[in-house]
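Engineer: Shown below is the structure under consideration.
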Amino acid sequence: MQVQNLKNILFIFLMIPVLFVALSCDNQGAQTKVNSGVAGAVVSDVEVFPYSILDSDGNEVVFDGPPERIIAIDSSAVEILFSLGQEHRLVGTHDFVSYPPEVEEIPRIGDAFNLNLESIVDLDPDLVFVFSKGFLPDLSRVGLKVLYLDSLNTSFRDIPQNIRMWGHITGNTKRAEIEASKIETRISKMQEIVSTRTVGPSIFLDDGDFWTPGPDTMIGEVFDFFNLQNIAYDISGYEQLSPEIIVDRDPEIIVAMTGNTISDIPSFKNISAVKNGKIFVPKSDSLAIAGPRFIDAIEELYLWIYSNYVW
C-alpha cells in the first residue's frame, strides 16, 4: 500500500510541469498578439464576441458572432466591407452603389428612401445596415436585425473608427486595424503641412446645379482642415446657392464634382477661379463617400491646392 501511495505521489509531481506548460500554451494562444505592419499597431488574434454597438437612436445592437448575410444601404459600408475582404457577406445593397466594379453582382433593393421590403425579406439577411431611419419601423416589424447609424454628417476623421467597427462586426479586427491605421497616418502627414498655413483661398464646391456643402458636412470639414474659406459658410448641410451669390462671393477655387460646366456660364466669366483656371475636377465620386477611398480623394485635392497656391 505504501509503495502504491509513493507511486501516486511521484506521478502527481511528474505531471505538474506538464500541466503548467499546457496551461501556459493555452493562455498564450488566447492572447496572441501580432504586429500588423503599421507602426504602433498591435491587435489580438482572437475575436471577442459578443460585440455591441449603440445605434444613432441610443439602442444597443449586440452581435454574438459575425453576420453571414448583410444588406448595406450605404455606399461607404459597402466599400469598407470590400476593403476588409468581407464582400462575401454582402447579399444586397442600394441602387446607386458603383464601386468597386464587383458590386454589380450584388442584388439591388432600392434606395434609402424607397426600399423594396419584400426583396429584403426574400434575401434573408441577418443584418440590415441603414444610414437613414425612415424605414426602421418597417424593417423591425418584419423581424429583421437592423443597425442604424446616421452617417449624413460623418466626420472624415471618423472613417478609421468606422473601419474598425466593421472589423469587429465581421470578426476581422487585424485587417481593419491595418487599414484604419494607414488612413490615420496619411491624415497626420497632411496635418503636418496644413498646420503651418494660415487662412487660404476661398473655395466653392459645385455638386451639380449649384448644390454645395456647408461647414457642418464632411467635405466642409475638409475645407476647414485645409485652411480654405468655404463661400457657403452660412448654410447647413447641402443647399443650392444662387448664381448671384456665387458671383458676389467670388471663389478663388471651384471643385466641380460633375465636370467643369461653370466655365461655360457667361455670368461667371469674371469669377476669380474661372479667370485663373483654378477649377478642380475630381477623378471619381470618392469625395462624396465616407469610405476608404475618401482619403485618396482629399489627398488628390490637397496636392492640387498646395501645388497651385502658396500662402
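Engineer: Restricting to region 224-239, name every residue that is among the hydroxyl-bearing types (Ser, Thr, Tyr) and part of a loop (DSSP other than H, G, I, E, B). Don't jump to the end; show me each part of the working.
Structural biologist: Let us first name the residues in region 224-239 that are among the hydroxyl-bearing types (Ser, Thr, Tyr), namely 233, 236, 238.
Selection gives 233, 236.
Engineer: Suppose we keep only residues that are among the aromatic types (Phe, Trp, Tyr) and out of contact with any Lys or Arg (no Cβ under 8 Å at 6 or more places or on another chain) within region 141-198. Which one would you say is surrounded by the fewest Cβ atoms within 10 Å (Cβ to Cβ)? It would help to see each step written out before you state the result.
Structural biologist: Residues of region 141-198 that are among the aromatic types (Phe, Trp, Tyr), as a first pass: 148, 156, 166.
So of that shortlist, the ones also out of contact with any Lys or Arg (no Cβ under 8 Å at 6 or more places or on another chain) come out as 156, 166.
Numbers: 156: 18, 166: 25.
Applying the filter and picking the extreme gives 156.
Engineer: Another one. Name every residue in region 107-153 that is on the phi > 0 side of the Ramachandran plot and in contact (Cβ under 8 Å) with a residue 12 or more places away in the chain, in order of residue number. Please lay out each step first, then the result.
Structural biologist: So the first thing to find is which residues in region 107-153 are on the phi > 0 side of the Ramachandran plot, and the list is 110, 124, 143.
The answer is 110, 124.
Engineer: Among the numbered criteria (1) among the aliphatic types (A, V, I, L, M); (2) closer than 22 Å to residue 260 by Cα; (3) buried (at least 21 other Cβ atoms within 10 Å of the Cβ); (4) without any contact (Cβ under 8 Å) to a residue 40 or more places away in the chain, which one does residue 203 miss?
Structural biologist: (4)
Engineer: Go through (1) modelled with pLDDT of 95 or more; (2) under 21 Å from residue 160 (Cα atoms); (3) of a type outside the set (D, E, K, R) one by one and return the number of the condition residue 46 breaks.
Structural biologist: Every listed condition holds for residue 46 apart from (1).
Engineer: Examine region 149-157 for a residue that is touching a helix residue (DSSP H, G or I) at 6+ places or on another chain (Cβ under 6 Å), over 24 Å from residue 121 (Cβ atoms) and modelled with pLDDT of 95 or more, and state whether such a residue exists.
Structural biologist: no
Engineer: Let me ask another. State all residues of region 87-115 that are surrounded by fewer than 16 Cβ atoms within 10 Å (Cβ to Cβ) and either in a loop (DSSP other than H, G, I, E, B) or among the aromatic types (Phe, Trp, Tyr) (or both); if no residue qualifies, say none.
Structural biologist: Looking only at region 87-115, we keep the residues that are surrounded by fewer than 16 Cβ atoms within 10 Å (Cβ to Cβ), and these are 88, 95-96, 98, 100-102, 104-105, 107-108, 111, 113-114.
Residues satisfying the conditions are 95, 96, 98, 100, 107, 113.
The values are calculated or read from the model by the stated rules, or taken from the named source; none is laboratory data. None of the values given here were measured: they were computed from a predicted structure. Cβ coordinates were reconstructed from backbone atoms using ideal geometry, including for glycine residues, and neighbour counts include every protein chain displayed.
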